[in-house]
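Chemist: Have a look at the structure that comes next, please.
Values in this text are rule-based calculations from the coordinates and carry no lab data. Keep in mind that this is a model prediction, so the values were computed, not measured. With ideal geometry, Cβ positions are generated from the backbone for all residues, glycine too; neighbour counts draw on all protein chains shown.
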């Protein structure tokens, strides 16, 4: 399994990335991204070491801890080569995954003609091979609401504003799109009820 970590001023606007924690079997965020949790990794090994990882994830020394607080690593490694969906225990946080699976099934069954290989190739050529992409690493300075109902309403309003902004940005590309999104995010932040 190979992963990557992107750092730099455009994506890590708060400067919290720590390259000294990124390497084989280690990442600088979230304990559950790799087989070894951080205390186990750095209690015994240095960053440049290649610690042995048991071939069966259930044989890891931290297996019980990982069951109480599973991360992406557990979600990936605990699947079979072909996932048996009947054995899954989905939560409300898996809604996006289930929506993606449905979109993929519909595309494979030919129910979405826009998703056919031919139409996908036409679309990719129409954007010069550089489709717009999205990330979720943006942080807005928004004041906390007085009560939970108002807080939920604020978060929903802000989320809708961001989705609308990003949808509108799809017609742009390159630096023009970047400037449009940054200006829109600043406006959302300014009008979010800051005190």
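Chemist: Work out the FRET efficiency for residue 139 and residue 171 from their Cβ-Cβ distance, taking R0 = 35 Å, and round it to the nearest 0.05.
Modeler: According to the calculation, E is roughly 0.85.
Chemist: On to the next question. What number, rounded to the nearest 500 deg cm²/dmol, is the helix-based mean residue ellipticity at 222 nm of the chain, given -39500 (n - 2.57) per DSSP H run of at least four residues and division by all its residues?
Modeler: -13000 deg cm²/dmol
Chemist: Follow-up. Which entry in [x] 14; [y] 42; [z] 19 matches percent of Cα pairs over 31 Å apart derived from the coordinates of this structure?
Modeler: Structure-derived value, by its label: [y].
Chemist: Right, here's the next one. So if each residue of separation counts as 0.36 nm, and I subtract the Cα-Cα distance between residue 150 and residue 65, what length gain in nm does that give?
Modeler: Gain in length upon complete extension: 27.0 nm.
Chemist: Oh, and also: To test your reading of the geometry: what angle, between 0 and 90 degrees and rounded to tens, separates the Cα axis of helix 174-190 from the longest principal axis of the chain?
Modeler: 90
Chemist: Find how much the distance from residue 178 to residue 88 grows on full extension, using 0.36 nm per residue of separation minus their present alpha carbon separation; answer in nm with one decimal.
Modeler: Going from the current span to full extension adds 28.5 nm.
Chemist: Anyone know which of 171, 92, 46 comes out most mobile in the 10 Å Cα GNM of the chain?
Modeler: Sorting by GNM fluctuation, first place goes to 92.
Chemist: GNM, the chain, Cα, under 10 Å: largest mean-square fluctuation among 162, 77, 148?
Modeler: The residue that fluctuates most here is 148.
Chemist: Compute and list, largest first, the equivalent-ellipsoid semi-axes of the range 87-126 from the alpha carbon gyration tensor, each √(5λ) rounded to a whole angstrom.
Modeler: Whole-Å semi-axes of the equivalent ellipsoid: 27, 11, 6.
Chemist: Do you know the relative contact order of the range 24-88, to the nearest whole percent, from alpha carbon pairs under 8 angstrom that are 6+ apart?
Modeler: Computed over the range 24-88, the figure is 35 percent.
Chemist: Also, I was wondering about something else. In nm, what is the difference between 0.36 nm times the number of residues separating residue 13 and residue 118 and their Cα-Cα distance?
Modeler: 34.0 nm
Chemist: Related question: Pairs of alpha-carbon atoms within less than 8 angstrom and 6+ residues apart define the contacts here; what relative contact order does the range 1-145 have, in percent?
Modeler: It rounds to 17 percent for the range 1-145.
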